[in-house]
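Each remark here refers to the structure printed beneath this line.
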Amino acid sequence: MTKTNIWRVEQAGDDQLPSELKEAASQLREGGLIAFPTETVYGLGADARSTAAVERIFMAKGRPSDNPLIVHIAQRSQLDELVLPYPELAAALMDRFWPGPLTIVLPLRGEVLSPLVTAGLSTVGIRMPNHRSALELLMQAGCPVAAPSANRSGRPSPTLAEHVLEDLNGRIDGVVDDGATGVGLESTVIELEGEKIIRILRPGGITKEALQQAAPHALVDSASTEEESNAAPRSPGMKYTHYAPKGELELVNGAPEAVVAYIASQAMEAQQRGEITGVLAFEERLSAYEANRVISLGSELELGSAAHLLYAALRELDEAGVQRIWAEGCTEQGIGAALMNRMAKAAGNRIIHV
Ligand code: TXA
Ligand code: MG
């Protein structure tokens, strides 16, 4: 067991942050494992140059070692020593979206990073998070920081420091608690093919539409949730069943009336069998359901709130011991693409059209 420190900074003013985070940054620099908030989810950080430190990430999470980690930086000047020359298109996307929830896979420069970070690939995923605590911590640590989501492997990503502690208390050196994260789903991961093709490997907070608008002359390529569930994985991490709740989840698509009728009857039958049931539904139809736990994802007209709420909802269903779960599907426009991607993963690709 390791003693896990908690640095509570939510109430701290921006001018107080540097001194509040000093100890966390020095532990990170000395090979510690420090969880910290970003605008997407909480990350579990370690000095990306140190194999000993990065090894501890995989152990604490129980993560397969062939799944590469994202490297986090605080300033563009840190890039040069990490990557080889990259397309102009990448630079344009950094200008537009950094700091922000966009991870760009770039050609790795040989010497600096621990080989564990990239799982032996010749590329590295890099991002600059848009969050005051993350940026301050990265700045003070002064090193590139490898950080996967700060959950045990197979659990939903943490959107609160409490979630980090649920999974990792006693396994990591500390957590910076700056309250709830923003987007609530992990960053968009892209790779580029020359100057013309942007391939979305994992949908996230930077939407396909936003990428297309920022790069009107490029082709933005992404698999739909359905294609994704049938295809071989392109990003190493996408082949693992992620984010799965303990109960069996089914994702239900279709016209609203049909979705309501299907879920309501399935839930009733399950309850008659004595199973504990849960429904994840949009505000518009919440009252139509009877189940042991009916959780709102907010309005379907504002899917940002569903993204923000999803992982906490999945944890709540676990805690309630729910055995059967149905989730309403939504459009794959905008942030809906990332939301459907994560719900499909939580469902282990049990997706039904009614
Ligand atoms: O929002 C986020 O990205 C969060 C916060 C903490 O920054 N981090 C995160 O890390 O989600 P993780 O390790 O849970 O997910 C990293 C994803 C995986 O799907 C992995 O396969 C992919 O990025 N990835 C990393 N390096 C890659 C590379 N060189 N090529 C292709 N995919 C890569
Ligand atoms: Mg993760």
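Within the range 192-205, does at least one residue satisfy the condition of being touching a Gly at 6+ places or on another chain (Cβ under 6 Å) and either modelled with pLDDT of 95 or more or under 19 Å from G336 (Cα atoms) (or both)?
For the range 192-205, residues touching a Gly at 6+ places or on another chain (Cβ under 6 Å) and either modelled with pLDDT of 95 or more or under 19 Å from G336 (Cα atoms) (or both): absent.
Can you tell me which residues in the range 246-272 are assigned to a helix (DSSP H, G or I), over 16 Å from L286 (Cα atoms) and not small (G, A, S)?
E269, Q271, Q272
So, Y42, is that one in the same structural domain as E162 (by TED's automatic domain parsing), of a type in the set (F, W, Y) and open to solvent by less than 20 Å² (accessible area, probe 1.4 Å) or not?
Yes: the conditions hold for Y42.
Residue-by-condition table, conditions (1) open to solvent by less than 20 Å² (accessible area, probe 1.4 Å); (2) of a type in the set (K, R); (3) farther than 30 Å from Q16 by Cβ:
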site	(1), (2), (3)
M94	yes, no, no
F97	yes, no, no
G100	yes, no, no
V105	no, no, yes
P115	no, no, yes
T123	no, no, yes
R127	yes, yes, no
S133	yes, no, no
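Looking at the range 287-302, is at least one residue outside the structural domain of G204 (by TED's automatic domain parsing), crowded, with 17+ Cβ neighbours inside 10 Å and in contact with a Cys (Cβ under 6 Å, 6 or more places away or on another chain)?
yes
Only residues that are more than 15 Å from ligand 1 (Cβ to nearest atom) and touching a residue at least 24 places away in the same chain (Cβ under 8 Å): list them for the range 32-52, please.
G32, D47, R49, S50, T51
Which numbered condition in (1) within 16 Å of ligand 2 (Cβ to nearest atom); (2) within 26 Å of G13 (Cα to Cα) is the only one that V189 fails?
(2)
Out of curiosity, is A48 touching a Ser or Thr at 6+ places or on another chain (Cβ under 7 Å) and either modelled with pLDDT of 95 or more or hydroxyl-bearing (S, T, Y) (or both)?
In short, yes.
Could you look through the range 142-174, keep only residues that are of a type in the set (A, V, I, L, M) and within 16 Å of ligand 2 (Cβ to nearest atom), and pick out the one that is most open to solvent (accessible area, probe 1.4 Å)?
L160
Working only within the range 166-193, note down all residues that are among the charged types (D, E, K, R) and part of a helix (DSSP H, G or I).
Of everything in the range 166-193, those that are among the charged types (D, E, K, R) and part of a helix (DSSP H, G or I) turn out to be E166, D167.
Just one of the numbered conditions (1) under 17 Å from the mean Cα position of the chain (by Cα); (2) more than 30 Å from I190 (Cα to Cα) is not true of L339; which one?
For L339, the failing item is (2).
Would you pick out the residues in the range 178-199 that are among the hydrophobic types (A, V, I, L, M, F, W, C) and within 11 Å of ligand 1 (Cβ to nearest atom)?
Across the range 178-199, the qualifying residues are V183, L185, V189, I190.
Give me the residue from the range 153-177 that is in contact with an Asp or Glu (Cβ under 9 Å, 6 or more places away or on another chain) and within 21 Å of G298 (Cα to Cα) and, out of that set, nearest to ligand 1 (Cβ to nearest atom).
S157
List every residue pair whose Cβ atoms lie under 6 Å apart, where the two residues are 6 or more positions apart in sequence or sit on different chains, the first residue falls within the range 312-327 and is aromatic (F, W, Y), and the second residue, located anywhere, is not in a loop (DSSP other than H, G, I, E, B).
Between residues of the range 312-327 that are aromatic (F, W, Y) and residues that are not in a loop (DSSP other than H, G, I, E, B), the close pairs are W326/E250; W326/V252; W326/I263; W326/V279.
Given the structure, is S77 without any contact (Cβ under 8 Å) to a residue 40 or more places away in the chain and more than 16 Å from ligand 2 (Cβ to nearest atom)?
yes
Of everything in the range 303-354, what is part of a loop (DSSP other than H, G, I, E, B), open to solvent by less than 30 Å² (accessible area, probe 1.4 Å) and within 22 Å of L211 (Cβ to Cβ)? Give them in sequence order.
C330, G334
The values are calculated or read from the model by the stated rules, or taken from the named source; none is laboratory data. Keep in mind that what you see is a predicted model, and the values were worked out from it rather than measured. Using ideal geometry, Cβ is built from the backbone for each residue, glycine included, and neighbour counts are taken over all protein chains shown. Just the protein is used for accessible areas: all its heavy atoms, side chains included, with ligands, DNA and RNA removed. Shrake-Rupley method; radii C 1.70, N 1.55, O 1.52, S 1.80 Å.
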